[in-house]
Amino acid sequence: MWETKINPTKIFELQCKNTTYFGIGSIKKIEDILEVLKHKGIDNVIFVTGKNSYKVSGAWDVIEPALNTLGFKYSLYDKVGPNPTVDMVDEAAKFGRETGAKAVIGIGGGSPIDTAKSVAVLLEYTDKNARELYELKFTPEKAAPIIAINLTHGTGTEVDRFAVATIPEKNYKPAIAYECLYPMYAIDDPALMIKLDKKQTIAVTIDALNHVTEAATTLVTSPYSILLAKEAVRLIVRYLPVAVNDPENLVARYYLLYASAIAGISFDNGLLHLTHALEHPLSAVKPEIAHGLGLGAILPAVVKTIYPAVAEVLADIYSPIVPGLKGLPAEAEYVAKKVEEWLFNVGCTQKLSDFGFTKDDVPTLVKLAKTTPSLDGLLSIAPVEATETVIAKIYEESLNPIS
């Protein structure tokens, strides 16, 4: 259906650049990874993680003995929280420099791994800081080796070149993307994710759903991004309800993790647009908002807005959510309602008013979407022109459920 909409003369880059060990028990590959580092002369690393997940997940039970067996020196920065700030990045980078770290290992979901990527850059650029990095004041071409041990099935950051951090005094939450941010190795072990609670399970998976929704519909998308998007949606629709009801179901965790990984590859190639550009101001202003739930709140309005321009693609990839679509622009409102109905059914029920936003906040959010460094790049490749009027309407329609 959508194949005729792809311009075969448009050249695209196929991004898939790191080695990921995927599957139950893959955490044990950490010893192989450490041996590779040691062979390269690296025997001192800094771990970047949150306060508890690296232990609760069981990852540290495998990692620490491997470190001791191979004689590694290591330091541990465990202060990364949700929606990490540039101050966390700077603090971790300072600690890494002081302890002589030559590589960075992130353990966690998007927040710790994104922070680890940023730290890896600043270990190489010792005269720079995280604000300069995230305000795009320099372009890094190198970073210390990055290892990503993933503990959630949502961000895809373990397989891509993206990182995010908040500049709190400006309510900016930029995204950066550089070749040097690809992890050298990543570990995707679904057995490390059975401790994710219901809210986390839903939030991270909705993040992956948004990744493919956007990657498949940017102005720079490709058949590859669309193919991965279709499979990711299928797996999410099938296995998210299973994981919510049976958190220790390893088959469900396996396929949600796989969906997340291929979604990461999908948007590493196809990039992102409106949903992420409009969510970042939300969780910058209110850091307590889980990124995935913020995305879920605005997804139906974004779908309604872009569907007429990309109806064939969304009708295809969204068929597990809304079967029987014909790919006609007139289906836009119906699809948006069905997407919201599906989100509510899986437990993603909050709208912007539930997060404390009102119509009076919309002008501020629009301004942040337009002025936050890097977000203009996302908006520029949306399938519809991202004018202030269009952005404001999406925010306003996301305040409450679709009537």
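The values are calculated or read from the model by the stated rules, or taken from the named source; none is laboratory data. Keep in mind that this is a model prediction, so the values were computed, not measured. For neighbour counting, all protein chains shown are included, and Cβ atoms are generated from backbone atoms with ideal geometry for every residue, glycine included. Ligands, DNA and RNA are excluded from the accessible area calculation, which covers all protein heavy atoms including side chains. Shrake-Rupley method; radii C 1.70, N 1.55, O 1.52, S 1.80 Å.
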Interchain or long-range residues, amide H under 5 Å from TYR172's placed H: ILE167
TYR125 paired with ASP376, simple spin-label distance in nm, labels 7 Å along Cα-to-beta-carbon: 1.9 nm
Choice from GLY264, GLY110, GLY100 with maximal GNM fluctuation in the chain (Cα, 10 Å cutoff): GLY100
Solvent-accessible surface (1.4 angstrom probe) belonging to LYS55, in square angstrom, nearest 10: 120 Å²
Around GLU388: net Lys/Arg minus Asp/Glu count, Cβ-Cβ under 11 Å: +2
For the chain: accessible area per residue (Å², 1.4 Å): 39 Å²
In order through the range 151-165: 3J(HN,Hα) via Karplus (6.51 cos²θ - 1.76 cosθ + 1.60), integer Hz, x for Gly, Pro: 10, 9, 10, x, 7, x, 5, 6, 10, 10, 10, 9, 8, 9, 8
³J(HN,Hα), Karplus 6.51/-1.76/1.60, whole Hz, each residue of the range 203-210, x for Gly, Pro: 4, 5, 6, 5, 4, 4, 4, 5
From phi via Karplus (6.51, -1.76, 1.60), per-residue ³J(HN,Hα) for the range 44-60 in Hz, x at Gly/Pro: 9, 10, 10, 9, 10, 7, x, 6, 10, 4, 5, 8, 4, 5, x, 4, 5
Area accessible to solvent at ARG161, 1.4 Å probe radius, in Å²: 40 Å²
For the range 215-259 versus the range 75-115, the gap between their alpha-carbon centres in whole angstrom: 28 Å
5 angstrom amide H check on GLY109, placed H, neighbours 5+ away: LEU151
Long-range HN-HN contacts of THR85 with modeled amide H, under 5 Å: THR166
Cut-off 13 Å between beta-carbons: net charge of the residues surrounding ASN83, Lys and Arg +1, Asp and Glu -1: -3
Sum of side-chain charges, LYS137 neighbourhood, beta-carbon under 13 Å (Lys, Arg +1; Asp, Glu -1): -1
Percent accessible area from carbon and sulfur atoms, the range 229-366, protein chains only, probe 1.4 Å: 52 percent
Given LYS137/LYS286; LYS326/LYS351; LYS142/LYS195; LYS142/LYS351; LYS94/LYS198; LYS51/LYS170, the pairs whose alpha carbons are separated by over 31 Å: LYS142/LYS195; LYS142/LYS351; LYS94/LYS198
Rounded to 5, the percent of DSSP beta bridges in the chain classed as antiparallel: 15 percent
The range 342-370 and the range 1-55: distance between their alpha carbon centers, rounded to Å: 32 Å
Listed residue (LEU240, PRO287, LEU228) projecting farthest to the positive dipole end of the range 222-303, Cβ model: LEU228
Relative contact order (%) - criterion: Cα under 8 Å, at least six apart; region: the range 15-154: 25 percent
Sequence of VAL89, VAL251 from largest to smallest accessible area, 1.4 Å probe: VAL251, VAL89
Entries in LYS17/LYS73; LYS28/LYS55; LYS17/LYS370; LYS304/LYS367; LYS337/LYS393; LYS173/LYS337 that, when Cα-Cα distance is taken, lie over 19 Å: LYS17/LYS73; LYS17/LYS370; LYS304/LYS367; LYS173/LYS337
